[in-house]
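The values are calculated or read from the model by the stated rules, or taken from the named source; none is laboratory data. Note that the coordinates shown come from a computational prediction; the quantities given were computed from them, not determined experimentally. Cβ: placed from backbone, ideal geometry, glycine included. Neighbour counts: every protein chain shown. For the accessible areas, the whole protein counts, side chains as well, though only heavy atoms, and no ligand, DNA or RNA atoms are used. Shrake-Rupley method; radii C 1.70, N 1.55, O 1.52, S 1.80 Å.
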Amino acid sequence: MRVQRYHCERCGSFSPSHPAVEDDHRYPRAVTQLADAVDAFADVSLEGIQDILTVHYGVRPTDQHIHDCLTEPTAEIVENDLPVYSGVYTYDEQYLTVNGNRAYRLTVYDELMRAPVAEAVVGECTKETVREFLTTALAEKPTAVITTDGRSDYPEIIEDDLDAFHHRCRFHFIKNGEKKLHTNVFQSLRYSNTEKLHGAIVWSEFKSVFDAPSYEAGLRRFEAVLDKIEHLPSELRTYVEQVMENFDRFAIHLRHEAVPSTTNNLERYYGHTKPTRIKRRFRSLQHAQAFLKRQMRVRTIKQGLISRDRSLSLGRELFPSLSLEQLEPLFTDAKERYLSWRDCDVG
């Protein structure tokens with residue numbers, strides 16, 4: 001049997017408990033709070049957190065102990081609690097590793113609120129898995145437009161199951177075409193230099209459709225491309241034909257400025273939640289879900305368009321002793337402007 005005793009530096013006495021140590025806990029709150037902060041804001045493994053605690057506090061919890069401290073019960077779908085939802089979302093996936101096995105992170109992101117709506121970790125990214133995630137995560141929420149990459153499953157799920165408008169991400173669409181232009185056209189002996197030049201010019205004009213200053217201007221640019229489609233290599237004509245079949249699916253962002261042209265904001269969220277660690281490993285599914293819940297809170301605190309009081313309440317779920325003075329430096333410039341506008345509106 002092991003008996004834990006704590007030494008008082010002032011009087012030299014020993015006691016079986018200490019006010020800085022919670023019941024049934026071995027280490028002071030400061031130790032666990034530092035582990036929480038490192039996990040929330042830094043790209044550090046469990047062993048790295050061990051080293052930080054060793055250097056900073058002179059204690060070295062086991063990596064399993066740190067894992068257990070950082071893991072909290074969550075539902076299969078980790079949901080945010082935003083005051084309102086805009087109905088304008090982006091959806092994407094990211095692969096990760098859980099206990100040595102490949103898994104997938106599914107995320108739906110509110111573009112106007114600038115915060116995640118819901119996330120889940122699944123073993124397989126099938127059409128039915130995506131359908132169940134999106135219909136569950138967006139149930140009883142306004143759903144107007146969802147921007148995704150070009151996976152063929154999305155239109156049916158979004159338009160039929162969610163009764164929303166499916167918008168195709170411009171970045172992914174153009175990126176795929178650029179790849180074909182370089183590999184199938186520029187590096188091919190099938191086309192002459194003149195044909196390659198004409199193809200590149202028409203493709204450049206086609207790309208400009210999605211950067212037009214207005215919907216009408218984009219439509220005019222696209223019609224001009226159709227007049228020159230015979231100069232476009234056959235490998236690239238399919239991209240023009242896809243847009244021709246449903247122009248609004250690719251250009252709704254030109255008609256409604258609230259709709260993002262890409263999924264870049266969600267991609268940046270992935271980048272800010274430590275992609276190297278996520279793709280490396282999580283020890284358990286529960287650890288991965290708890291990590292996503294923590295990152296969802298951090299993103300909403302820093303960037304989400306919610307009030308100071310709500311931000312502070314959310315911050316204290318992570319760090320109970322957090323003050324507003326400690327929290328405000330975390331806010332992005334965009335959130336600071338939003339909060340200033342709220343202050344003026346209230347005044």
task = Within the stretch 98-121, count every residue that is in a strand (DSSP E or B) and open to solvent by 30 Å² or more (accessible area, probe 1.4 Å).
result = 3
ask   = Restricting attention to the stretch 274-298, and to residues there that are within 16 Å of Leu106 (Cα to Cα) and among the charged types (D, E, K, R), which single residue is modelled with the lowest pLDDT?
value = Lys279
ask   = Can you name every residue in the stretch 294-347 that is within 20 Å of Arg29 (Cα to Cα) and open to solvent by 60 Å² or more (accessible area, probe 1.4 Å)?
value = Ser313, Arg316, Glu317, Pro320, Ser321, Gln326
request  = May I ask you to say which residue of Val130, Val209 is free of Cβ contacts under 8 Å to residues at least 60 places away in the same chain and over 30 Å from Val98 (Cβ atoms)?
outcome  = Val209
remark   = Those residues of the stretch 136-168 which are in a helix (DSSP H, G or I), more than 15 Å from Thr107 (Cβ to Cβ) and open to solvent by 30 Å² or more (accessible area, probe 1.4 Å) amount to Glu156, Glu159, Asp160, Asp161
query = Does the stretch 73-93 hold any residues that are closer than 26 Å to Leu305 by Cα and outside any strand (DSSP E or B), and which are they?
reply = Thr74, Ala75, Glu76, Asn80, Asp81, Leu82, Pro83, Val84, Tyr85, Ser86, Gly87
Residue identified as of a type in the set (Ser, Thr, Tyr) and at pLDDT below 95 among Thr129, Thr97, Thr143, Thr148 = Thr97
ask   = Are any residues in the stretch 187-231 more than 30 Å from His256 (Cα to Cα) and either under 36 Å from the mean Cα position of the chain (by Cα) or of a type in the set (Ser, Thr, Tyr) (or both), and if so, which ones?
value = Gln187, Ser188, Tyr191, Ser192, Thr194, Gly199
message = Looking only at helices (runs of 4 or more DSSP H) that lie completely in the stretch 241-347, which have at least 2 residues being in contact (Cβ under 8 Å) with a residue 60 or more places away in the chain and closer than 30 Å to Gly218 by Cα?
response = 247-255, 264-272
Positions within the stretch 52-62 being surrounded by 13 or more Cβ atoms within 10 Å (Cβ to Cβ), assigned to a helix (DSSP H, G or I) and modelled with pLDDT of 90 or more, in sequence order = Ile52, Leu53
